[in-house]
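So the structure is just underneath, and the comments pick up after that.
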Amino acid sequence: MSRVRPSTPRVAWLGPLAAGRPWPSPTSRGQATVELVAILPLALLVALAIAQLLAAGSARELAGNAAEAGAAALLQGTDPTAAARDALPGWSHGRATVHVSDHRVDVHLRPRTVIPLLANRLEAHATADAGTGS
């Protein structure tokens, strides 16, 4: 004798009604899209701010490396300005200034910026001292 299994009711197609909740109103169906569109400018602004901070940090690191290269060149008796400029990547050559006085090498580097007015405010400064050299 075969046994007949009782069928389970299928209510999956009822969606929210299966859980006793009402259907969403037509005005709330697009709410997630509206919220996403509203938050996108803020997300873009945060992403640009993070990128700008990373560029400023990179410029600071590059300026420090260039100043150290210039100080090492001073100790070796070669041109410290050329050594500092050679330590910088190509994009930064027009954005860097190198000053050598006595046994100190100062490097100022403006990072790439999304807003050009920020370039001077985010300028990196680094100084390396070659000592007395005696």
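Bear in mind that the values in this text are calculations on the coordinates, not laboratory data. Remember, it's a predicted structure, so these values are computed and weren't measured experimentally. FYI the Cβ positions are ideal-geometry reconstructions off the backbone, even for glycines, and counts take in every protein chain you see.
Among V107, V34, the order by Cβ neighbours within 10 angstrom, fewest to most, reads V34, V107.
Within the shell defined by Cβ-Cβ distances under 13 Å, the residues around A55 carry a net charge of +3, with Lys and Arg each +1 and Asp and Glu each -1.
3J(HN,Hα) couplings calculated from phi for region 55-63 with the Karplus curve 6.51 cos²θ - 1.76 cosθ + 1.60 (θ = phi - 60°) are, in sequence order, 5, 5, x, 5, 5, 5, 5, 5, 5 Hz; Gly and Pro show x. Considering only the other residues whose Cβ falls under 10 Å of the Cβ of A84, what net charge follows from Lys and Arg at +1 and Asp and Glu at -1? Once positives and negatives cancel, what remains is -3.
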